[in-house]
Amino acid sequence: MFRKAQRKQAKLRLALAGPSGSGKTYSALRIATGLGGPIAVIDTERRSGDLYSDEFNYDISPIDGPFGPQEYISRIKTAERAGYNVLIIDSLSHAWAGTGGILDIKDRVAKSGKGMNDFTAWRTATPMHIELVDTILTSPCHIIATLRTKTAYDVIQKEKKKTKVTKLGLAFIQSPELEYEFTVVLDLSVDGHIATSTKDRTHLFDGKYFVPDEETGRQLAAWLNSGVDPKQELISHIHSLLETLNLNTNAYWLYAATKYQAASIDEIDQHQLQEQINLLGQCRQNPAKLNQFREVLSQIAKPQATIPEGQQPAMH
């Protein structure tokens with residue numbers, strides 16, 4: 001039930017927060033360039049993302065509204081299929097407070113006249129927000145999200161005294177819990193575009209005051225790539241299962257490569273490798289399934305066996 005803790009290689013989840021004029025978009029493009037392209041931008045800021053096309057190499061996909069979660073999810077999935085290394089979401093605040101965003105959805109449901117109110121309407125809105133967050137967290141792209149900020153206040157009631165409104169500082173225009181999902185959160189100032197970290201799991205920026213640039217992206221890339229390669233860990237797990245089940249290793253990888261139409265193991269992605277681990281786990285628990293799979297591999301292992309391109313070996 002327990003294993004030795006290991007930090008694995010990971011994809012960046014970076015939030016750049018600040019008011020208008022703090023340089024969020026420009027900083028995101030500099031960091032993304034340091035991480036390495038290709039770079040894509042989801043632009044909800046009235047095509048402002050095009051302003052820097054003479055300085056950086058990137059593609060852009062504007063959202064002019066409404067800013068529903070599915071609009072973001074669709075573009076994130078498209079960026080993944082297109083093979084972009086870095087995806088900038090500029091800004092993620094519109095998915096929360098923009099027209100068609102989560103707060104708008106919640107308000108419309110509450111006013112629908114179907115027995116809903118401001119509290120119960122969250123039952124409809126919250127799953128949509130969770131789906132968007134999960135899409136961001138599971139993306140194979142590095143994600144840089146810009147977030148607008150606003151001044152936050154609190155009303156403090158002191159005993160036998162009048163209530164007092166106290167300024168707390170700046171807060172995201174997004175779900176208050178969203179900060180927990182990022183690897184690094186940098187606050188940007190309007191004056192000088194200075195960045196300070198409010199959350200930093202990398203410890204690269206603790207206590208520092210700096211202007212984000214390409215070197216920031218290179219530092220983050222080096223840290224993200226310094227962990228254990230999760231794909232190699234999955235491959236090692238498969239080899240261990242093949243040995244335990246006494247299955248032909250060469251025939252197995254030919255089976256897997258054919259199934260996923262891959263020219264080599266390197267072209268089989270992590271999701272597919274996990275799928276194969278699940279299959280081998282089922283074979284381990286089910287002798288009949290193991291025998292069936294062993295027969296499939298035995299046919300592949302025959303010297304005269306040929307597999308037409310794109311055809312998957314039968315496995316029911």
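The values are calculated or read from the model by the stated rules, or taken from the named source; none is laboratory data. Being a predicted model, the structure only gives us computed values, none of them experimental. Here the Cβ is made from the backbone with ideal geometry for all residues, glycine too, and neighbour counts use every protein chain on show.
State whether one or more residues within region 227-239 are out of contact with any Pro (no Cβ under 6 Å at 6 or more places or on another chain), surrounded by 14 or more Cβ atoms within 10 Å (Cβ to Cβ), within 14 Å of Phe293 (Cα to Cα) and not acidic (Asp, Glu).
Quick first cut of region 227-239, residues out of contact with any Pro (no Cβ under 6 Å at 6 or more places or on another chain) only: 227-239.
Restricting the remaining residues to those that are surrounded by 14 or more Cβ atoms within 10 Å (Cβ to Cβ) gives 230-231, 233-235, 237-238.
When the remaining residues are screened for being within 14 Å of Phe293 (Cα to Cα), the result is none.
No, there is no match, as no residue in region 227-239 is out of contact with any Pro (no Cβ under 6 Å at 6 or more places or on another chain), surrounded by 14 or more Cβ atoms within 10 Å (Cβ to Cβ), within 14 Å of Phe293 (Cα to Cα) and not acidic (Asp, Glu).
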Among what's in region 293-316 and is of a type in the set (S, T, N, Q) and under 14 Å from Ala251 (Cα atoms), pick the residue that is modelled with the highest pLDDT. Ser298
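Just to be sure before I move on: is Glu159 surrounded by fewer than 19 Cβ atoms within 10 Å (Cβ to Cβ) and at pLDDT 95 or above in the structure I sent?
Values: surrounded by fewer than 19 Cβ atoms within 10 Å (Cβ to Cβ): yes; at pLDDT 95 or above: no.
Criteria not met by Glu159.
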Taking the conditions exactly as written (at pLDDT 90 or above and assigned by TED's automatic domain parsing to the domain that holds Leu234), does Glu267 satisfy them or not? no
Of everything in region 6-21, what is small (Gly, Ala, Ser), over 15 Å from the mean Cα position of the chain (by Cα) and in a loop (DSSP other than H, G, I, E, B)? Give them in sequence order. Ser20, Gly21
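Could we say that Ala145 is assigned by TED's automatic domain parsing to the domain that holds Ala171, buried (at least 17 other Cβ atoms within 10 Å of the Cβ) and free of Cβ contacts under 8 Å to residues at least 40 places away in the same chain here?
So Ala145 does not fit the description; no.
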What number of residues in region 115-135 are surrounded by 14 or more Cβ atoms within 10 Å (Cβ to Cβ), polar (S, T, N, Q) and either farther than 29 Å from Gly34 by Cα or without any contact (Cβ under 8 Å) to a residue 24 or more places away in the chain (or both)? 2
Unmet requirement for Thr44, which otherwise passes all of (1) at pLDDT 95 or above; (2) within 24 Å of Phe182 (Cβ to Cβ); (3) among the polar types (S, T, N, Q): (1)
